[in-house]
């Protein structure tokens, strides 16, 4: 069931306090102030409320950010394994998606591979940390190496390459981690965020683009993003949800329960022979498929009513993706199935 | 203040009845059933719930509909005076906007002018009835003439030209009018609708695309529009608002009050010498500026705290746009100002 406080926040902010309550609402100032205050405390950067452009989730934030930046034939770099929609969203805007493949098993942020992918047409790079689905959080060293490459190449080609920081999971962190935003390392950064993860409520579309105070033409970008959101078909959240952000900002799903579930699943699966990546963050755990064909293995599990994502869908063939948001009863039922299906598979192959 | 029932509907449907209440919600079936039932009764066409694709207002509906239909270099016809964003939205999608100018003072739907604007690249035409801002509702004869042209030209060029029917104001009708949808006349029609007008709540983004049951490849379009909505950055309304549609469908602002205000304003302005178009529908009344420069005249009114839209913004130079949604006190205060400023203006010109 939803996070405590979400329902109250929506219901409370649906009660009109003035005649313009449900009017066109591009920028609720009180909500933007709350976001800016939160960003200042979490990044150390001097964000102001006008740096915050509300968006209907990261989907809409990414779309408006790219529409603001890219012209036809511009290139946008994305890293593989990617979020499912990056490539088609770049293409839909008339820009050219350029893939950089990160290497298993660490899937580290490979700054030199990024350098090789940059051309004079490179306008932006999408960086997703915490990373869906590997659960990795890039560390300071990786982000600094990337920032050096981006600064070098921006200077060489005469315009800043903008880092689009998809931080949808920046509050879904385990083991007491503190998130380091790329915005704190590289000046030309737009932070993309959604409340859909921290509230486990992706059906209520609210998030934002936050413009780094250190970016070139900060003021111009505030206007340009607003314009892109409007002509891009009013990619702006509902009035009610914008107002609710003052309350939503402090709400979260139970992270300790999520972490306990991660630990329980990791221990149980490892003990029966699975290899896996223990996630630092996010809702996901990537587990090696015991057989090469991850789709076939996912199908075998599905026949026993255990549902996982086959890794080829996420450009991680040979893996399956487990969701940590499954409830504890589902996990209890699934763990023996994982053990049995693996044993059966490997037995079949040996026989 | 908002329409009675709107606040209750949002608050009611924000209370979760199951664990997936706030999950990604592409298509709430009960809400789509309610819309289909309403469309069947109002158009006589056999709409089914799967013909309804929820969209965050007409803005998002138009964007997704066009993204579904047009390729680069395709042409989309729009009629002038147009809604403010048609031209830029067509261009943003990489298609070519083709303008057809309608003639004052009737601004009738000129089918022969449309025929002259059609080429082999014409993919769609946007028709806005009831028309913002003239307040005209196209009649059966006008729509039938347009349908003949579109059918002819579709046959000649070998693919159907799709009519995008922007019906945002189809329930804001005066004088007991019954709305005739272009969908009832021309088979290749997508109906675009928002609840923002009937509820006077454009900040709560919910509407739909309804696929005519008579269109070519009806089933294929259902999937194609859904796909366009997703890659176009999840152009889909919130879970709560989709669910609320079952209640919102029957709600409306007080149309009788709006009509009384239209009549009062029209009578008062006419009596002091203004010429105007008495609207059949919508929130607007277009009034001839007593001086040629509508911007200058709007500025003179604004100095007396009476705010109107200068017509050049709506491609209606020489007119000013009055809003019927102003409250009665505002109208009472404004009417003498209209009289005085007009007199002063004309006096100045004579002297």
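The values are calculated or read from the model by the stated rules, or taken from the named source; none is laboratory data. What you see is a predicted model; the values in this text were computed from it and never measured. Cβ: placed from backbone, ideal geometry, glycine included. Neighbour counts: every protein chain shown.
Observations
- Residue within the stretch A:31-46 that is at pLDDT 95 or above, within 14 Å of chain B (Cβ to nearest Cβ), touching a helix residue (DSSP H, G or I) at 6+ places or on another chain (Cβ under 8 Å) and closer than 27 Å to residue A:232 by Cα present: yes
- The set of residues in the stretch B:259-307 that are under 17 Å from residue B:332 (Cβ atoms), out of contact with any strand residue (DSSP E or B) (no Cβ under 9 Å at 6 or more places or on another chain) and surrounded by fewer than 18 Cβ atoms within 10 Å (Cβ to Cβ) comprises B:260, B:263, B:264, B:267, B:268, B:271, B:272, B:304, B:305.
- Criterion violated by residue B:217 - all others in (1) away from chain A (no Cβ under 14 Å); (2) in contact with a helix residue (DSSP H, G or I) (Cβ under 6 Å, 6 or more places away or on another chain); (3) on the phi > 0 side of the Ramachandran plot satisfied: (2)
- Of all the listed residues (B:92, B:137, B:76), the sole one being out of contact with any helix residue (DSSP H, G or I) (no Cβ under 8 Å at 6 or more places or on another chain) and within 28 Å of residue B:283 (Cβ to Cβ) is B:137.
- Residues of the stretch B:17-29 that are out of contact with any helix residue (DSSP H, G or I) (no Cβ under 9 Å at 6 or more places or on another chain) and at the interface with chain A (Cβ under 7 Å from one of its Cβ atoms): B:19 alone.
- Each residue in the stretch A:4-16 was checked for being out of contact with any helix residue (DSSP H, G or I) (no Cβ under 9 Å at 6 or more places or on another chain) and either in contact (Cβ under 8 Å) with a residue 60 or more places away in the chain or surrounded by fewer than 18 Cβ atoms within 10 Å (Cβ to Cβ) (or both), and 1 of them qualify.
- Considered as a group, the residues in the stretch B:197-221 that are in a loop (DSSP other than H, G, I, E, B) and without any contact (Cβ under 8 Å) to a residue 24 or more places away in the chain include one that is nearest to residue A:23 (Cα to Cα), and that residue is B:203.
- Residues of the stretch A:161-176 satisfying the condition of being in a strand (DSSP E or B) and surrounded by fewer than 23 Cβ atoms within 10 Å (Cβ to Cβ): A:173
- Taking the conditions (1) without any contact (Cβ under 8 Å) to a residue 40 or more places away in the chain; (2) on the phi < 0 side of the Ramachandran plot in turn, residue B:191 satisfies each one other than (1).
So that you can scan it fast, the table gives a plain yes or no per residue for (1) in the same structural domain as residue B:135 (by TED's automatic domain parsing); (2) closer than 27 Å to residue B:80 by Cβ; (3) within 20 Å of the chain's Cα centre (by Cα); (4) in contact (Cβ under 8 Å) with a residue 24 or more places away in the chain:
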{"position": "B:284", "(1), (2), (3), (4)": "no, yes, yes, yes"}
{"position": "B:299", "(1), (2), (3), (4)": "no, yes, no, no"}
{"position": "B:314", "(1), (2), (3), (4)": "no, yes, yes, yes"}
{"position": "B:326", "(1), (2), (3), (4)": "no, yes, yes, yes"}
{"position": "B:331", "(1), (2), (3), (4)": "no, no, no, yes"}
{"position": "B:336", "(1), (2), (3), (4)": "no, no, no, no"}
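- All conditions but one from (1) within 22 Å of residue A:204 (Cβ to Cβ); (2) touching a helix residue (DSSP H, G or I) at 6+ places or on another chain (Cβ under 8 Å) apply to residue B:239; the one that does not is (2).
- Residue in the stretch B:197-207 that is modelled with pLDDT of 95 or more, in contact with a strand residue (DSSP E or B) (Cβ under 8 Å, 6 or more places away or on another chain) and more than 14 Å from chain A (Cβ to nearest Cβ) present: no
- Within the stretch B:222-340, helices (runs of 4 or more DSSP H) holding 2 or more residues that are within 14 Å of chain A (Cβ to nearest Cβ): B:239-248
- Boolean, residue A:162 is in contact (Cβ under 8 Å) with a residue 60 or more places away in the chain, under 20 Å from the mean Cα position of the chain (by Cα), away from every other protein chain (no Cβ under 14 Å) and farther than 28 Å from residue A:251 by Cβ: yes
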